[in-house]
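The values are calculated or read from the model by the stated rules, or taken from the named source; none is laboratory data. If you're wondering where the values come from, they're calculated on a predicted model, not measured in any experiment. Note: ideal-geometry Cβ built from the backbone for every residue, glycine included; neighbour counts use all protein chains shown. Surface accessibility is based on the protein's heavy atoms, side chains included, excluding ligands, DNA and RNA. Shrake-Rupley method; radii C 1.70, N 1.55, O 1.52, S 1.80 Å.
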Amino acid sequence: MTADRLILEHAYVATIDADGTEHPDGHVVIDGGTIAAVGAGPAPGWAREGADPQRPDAGGFLSVERLDAAGCLVTPGLVNTHHHLYQWLTRGLAQDSILFDWLVALYPTWARITADTVGPGALGAMAVAARSGCTTVGDHHYVFPKDGGDVLGSIVEAAGELGVRLHATRGSMDLGRSQGGLPPDFAVETTVAALQASADAVHRWHDPSPSSMVRIAIAPCSPFSVTPELLRDAAVLGRELGVRLHTHGSETVEEDAFCLERFGTTPTRYLDDLGWLGDDVWMAHCVHLDDDAITRFARTGTGVAHCPSSNARLAAGIAPVADLLAAGVPVGLGVDGSASNESGQLGTEIRMATLAGRLRSGASAMSGRTALRMATMGGARVLGRADEIGSLEVGKLADIAVWDVSDVEHAGIADPVAALTLGALPPLRRLYVNGEAVVADGELTRVSSRDVAARVTHAVEVLRGR
């Protein structure tokens, strides 16, 4: 944004505030990186004139840029709560496998990743997410081959190049096949090394400031790839360092069977015993939760990253999202692994969540607006940033999506919000992060999509040894 102030006018504005306020002909005013005004009709006079409402006696005036957003739907930027960005390099493999078989098939390839290949892969995955309306990307990276270089650093660098907000996790695995786990021994770390690397990642990259572009969480991978010792000590470490905790939970019936056989209990009770429920924790998937588990999640404020497309691709099942929301559990949406959701678009997960929720719980159980709230405020709650992002309210960060619903796919639709939640994904007129456009008229502004594609293709060829 070159001007001091940007005014969006004549749009259908869905604020996603607590009251679900919508303005069929509304405005949003952005000053610097924050939202200065939201409401019905044209922007207020002070905004148009360039006055600063915080400094009424200021001698100068702000420069103003105006975007006529007629025919557009304006929403908060979407928040992705779970991804595996590096898997962009291994799309299209093990297409008809369930989770455990899929993982076993792909572990050998993932064991060869390096910072030089992960960086381009992460850039490609985040570029696709951004072009689907995503302004905040949550990534779970848990594979760190020996001599792989600064893998996590390459992901942080890619997010900075693209201009999106990143919630990266330092994941880990220390339960190899020889110890009864699923991953091969060459793909795991020692418990001590994983904990030290997690602490180092927090000290190096985590920025807790309100407008932070990079935050780090600690994220041992899953009950079937991590020892109880690593889970317990990682939870203690995360709370000592003041960062959030993330892992997979209750994704498949095979995981349930593994926990019952190895630990004598359900995944939720097992994780609870190790300190892994709390309002600083979010779990990916949570497909197979019983009533006791949902009660525990609600009581502790544990969040859920719902990944409907990946769950369908791997035949894991449909999460009980309606029950979780009714209980008050924070729920956001996630793309999940790029190799188990080859689309990589977060925007399409809104429609998928709506449809999957109805398949599980009935036609009236999941509205499109509920799914949109999960993709925005729900994700902000899950990542601990509900005061900063997730809704269009004065004082919040200007992470904003402007969807064009005027073209042939959506022209004349009775409800512009339904264009996004039930229709084909609308093209983006603009996507702003901190008030800066990272997508304009469907194209990335800070990098070339053709260049990103070429870098991804080269990285895949290197990974495959061509």
Of the residues that sit in segment 405-422 and are open to solvent by less than 50 Å² (accessible area, probe 1.4 Å) and out of contact with any His (no Cβ under 6 Å at 6 or more places or on another chain), which one is farthest from C72 (Cα to Cα)?
T421
Given (1) touching a helix residue (DSSP H, G or I) at 6+ places or on another chain (Cβ under 7 Å); (2) more than 25 Å from E161 (Cα to Cα); (3) among the β-branched types (V, I, T); (4) open to solvent by less than 10 Å² (accessible area, probe 1.4 Å), number of the condition T247 does not satisfy:
(1)
Tell me which residues, restricted to segment 1-16, are open to solvent by 30 Å² or more (accessible area, probe 1.4 Å) and either among the hydroxyl-bearing types (S, T, Y) or modelled with pLDDT of 95 or more (or both).
T2, H10, Y12
With criteria (1) of a type in the set (A, V, I, L, M); (2) in contact (Cβ under 8 Å) with a residue 40 or more places away in the chain; (3) surrounded by fewer than 24 Cβ atoms within 10 Å (Cβ to Cβ), L431 comes up short on (3)
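Answer with yes or no whether D291 is without any contact (Cβ under 8 Å) to a residue 60 or more places away in the chain, over 30 Å from G92 (Cα atoms) and surrounded by fewer than 24 Cβ atoms within 10 Å (Cβ to Cβ). Explain how you work it out, then say what you get.
On the way: without any contact (Cβ under 8 Å) to a residue 60 or more places away in the chain: yes; over 30 Å from G92 (Cα atoms): yes; surrounded by fewer than 24 Cβ atoms within 10 Å (Cβ to Cβ): yes.
For D291, the condition - without any contact (Cβ under 8 Å) to a residue 60 or more places away in the chain, over 30 Å from G92 (Cα atoms) and surrounded by fewer than 24 Cβ atoms within 10 Å (Cβ to Cβ) - is met.
Quick one: how many residues across segment 386-423 are of a type in the set (A, V, I, L, M, F, W, C) and in contact with a Ser or Thr (Cβ under 9 Å, 6 or more places away or on another chain)?
12
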Counted residues in segment 196-230 being outside any loop (DSSP other than H, G, I, E, B) and within 16 Å of L152 (Cβ to Cβ) come to 17
State all residues of segment 81-116 that are surrounded by fewer than 19 Cβ atoms within 10 Å (Cβ to Cβ), in a loop (DSSP other than H, G, I, E, B) and hydroxyl-bearing (S, T, Y); if no residue qualifies, say none.
S97, T114
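So that you can scan it fast, the table gives a plain yes or no per residue for (1) surrounded by fewer than 23 Cβ atoms within 10 Å (Cβ to Cβ); (2) under 30 Å from W88 (Cβ atoms); (3) polar (S, T, N, Q); (4) in contact with a Lys or Arg (Cβ under 9 Å, 6 or more places away or on another chain):
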position	(1), (2), (3), (4)
H306	no, yes, no, no
S309	no, yes, yes, no
A312	yes, yes, no, no
A315	yes, yes, no, no
A326	yes, no, no, no
G334	no, yes, no, no
Flag for A371 being open to solvent by less than 10 Å² (accessible area, probe 1.4 Å) and without any contact (Cβ under 8 Å) to a residue 60 or more places away in the chain:
yes
Spot the failing condition for A193; the list is (1) under 30 Å from D387 (Cβ atoms); (2) open to solvent by less than 60 Å² (accessible area, probe 1.4 Å); (3) without any contact (Cβ under 8 Å) to a residue 40 or more places away in the chain; (4) not in a loop (DSSP other than H, G, I, E, B), and only one is missed.
(1)
Report, by residue number, each residue of segment 391-419 that is under 23 Å from the mean Cα position of the chain (by Cα), part of a loop (DSSP other than H, G, I, E, B) and among the acidic types (D, E).
E393, D399
Residue that is nearest to H10 (Cα to Cα) [pool: residues in segment 388-404 that are among the β-branched types (V, I, T) and crowded, with 20+ Cβ neighbours inside 10 Å]:
V402
